[in-house]
Amino acid sequence: MRHTVVMVTSSYPRFPGDTVGTFMEPIARGVAARGHAVHVVAPWHPRVARPDEEGGVRFHFYRYLPRAGPHVFGYAGALRADVHLRASALVVTPLAVAAGIWAARRVARAVGATLMHGHWVVPGGFIARRAAGASMPLVVSLHGSDVYLAERHALVRRAAAGVFRRAAWVTACSADLRTRAIALGADPGRSDVLPYGVDTARFRPDADARREVRARFDLADTAVVVFAAGRLVRKKGFEYLIDAAARLAPRWPGLRVLMAGEGDLADELRARAAREGVDRVVRFLGPVPQHDMPPLLAAADIVAVPSVRDDAGNVDGLPNVVMETLASGTVLVTTPAGGIASVADNGRTAVIVPERDPEALAAAIDALLSDPARRRELGRAARSDVCEQYGWERVAERLELIYDRVTRDSTSRPASGGRT
């Protein structure tokens, strides 16, 4: 069954190498590669540099403000430290949502859409719901911050509940996220867990990467490298990695912790590293383009993903870097936060330590640095698992099955479901 899909999203890589919404690109391209017409509807942003069509995906970027306006809707711009809504985002959101509904509805009519696929229950799912009307099948995919906002804000919760009532199917990138969505109104019988995939051809073991990365960052041959990547926000738990580095530095004089990413906590984390006496050990790389991630992951001795459920209750669904590390064959030290433990098997494909525990994090890293054979064993098992279970092709195949199902079942959906 061939589908014409309108994917409504608030984030998509704005240019090649962009670090925002990176999982959206392989999702859209994967569906298109299976022979379906895919139209992405997303807010315009000053940094968008995409052709009208690329990789089988057609783009429709809509404007909601003049070019010089504060473009804080989508692209990880609405939340401060990934916890608090920015005042400017609250102001522009009604304009952006209205513009998004109009754009998605217009595109759907022009291309003869057979279904809507909203990413993030709010705002993407809400926009897709309104654009779908009463009869078009609606699929909604959850990615983390959307469910957190619905849990914390009554108006968002009400909007999310309406989307869940209307949705023919809901996917979540982790079991934790699905459970929380059910508590907000998602139907257990019309929802499932669909973890992110990973490009196993791009993210793979690379014997040459170690030499190249060390030359680029002027690292000695004796340096032991722990790599971490992500937005500098609370739920990433990077402060605990800095504290762990302070415990490891005396035992490992050649230790270097390379931390890639940008965010609202950048100054605070730099100050913490200086206060702990490891400002020469921890190097903040800033934003790293996606094409630089594979060699960095392959070159590291260990990749640390110290994710936490932060004090506000926010937690990642499933960080991209987890899947990318497993595919790279580099040993992963992480926590069970969110959906991580559903793809990382403690003691077999990764080492999982408790959240917010720098002592345990340091002990795990220390043990692995002391045992190269164990690192290789875990890395080989991790890559084998990912190649077998988590390619993006399998994600696209499962989405296709969902599209087929909701299209067949669309006539049984109540017509009143499309009203607000």
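Please treat every number below as a calculation from the coordinates, not as lab data. This structure is a prediction, so every number in the text was calculated from the model and none was measured. In this analysis, Cβ positions are derived from the backbone assuming ideal geometry, glycine residues included, and neighbour counts consider all displayed protein chains.
In terms of surrounding Cβ atoms within a 10 Å radius of their Cβ, 369, 318, 95 rank from fewest to most as 95, 369, 318.
Seen through its C-alpha gyration tensor, with square-root eigenvalues sorted a ≥ b ≥ c, segment 135-179 comes out oblate because a/c lies at 1.5 or above while a/b is not bigger than b/c. Mean projection of the Cα convex hull over all viewing directions, computed for segment 303-405: 7.3 nm². Ordered by the count of other Cβ atoms within 10 Å of each Cβ, fewest first, 384, 191 give 384, 191. You can think of it this way: the chain between residue 275 and residue 179 has 30.6 nm of extra reach, that is 0.36 nm per residue less the Cα-Cα gap. Over segment 207-389, how many percent of alpha carbon pairs lie in each 10 Å bin up to the one with the longest distance? Final binned percentages: 10, 42, 40, 8, 0. Comparing Cα centroids, segment 196-228 and segment 373-396 end up 17 angstrom apart.
Listed from fewest to most Cβ neighbours within 10 Å, the set 334, 349, 9 follows the order 349, 9, 334.
Restricting attention to the chain, close to 10% of DSSP beta bridges with both partner residues there are antiparallel. For residue 220, project a label point 7 Å along Cα to C-beta. Then give me every residue of segment 288-309 with its amide nitrogen under 20 Å of that point. 300-302, by backbone N distance to the label point. Sorted from greatest to least, the principal axis extents spanned by the alpha carbons of the chain come out as 66, 43, 40 Å.
Annotation for segment 159-258: trypsin sites (Lys or Arg not before Pro) lying in DSSP loop with at most 16 further Cβ atoms inside 10 Å of their Cβ are 202, 251. Counted over segment 1-124 with a bin width of 5 Å, the fraction of Cα pairs per bin, in whole percents, is 2, 11, 22, 25, 20, 12, 6, 2, 0. Are there any trypsin sites (Lys or Arg not before Pro) in segment 274-303 that are in a DSSP loop and have at most 11 other Cβ atoms within 10 Å? List them by number. When the trypsin sites (Lys or Arg not before Pro) of segment 274-303 are filtered for loop state and at most 11 Cβ neighbours within 10 Å, 280 remain. Think of segment 204-345 as having a plus end and a minus end, set by charges on the Cβ of Lys, Arg, Asp and Glu; of 323, 289, 333, 333 sits farthest toward the positive end of this dipole.
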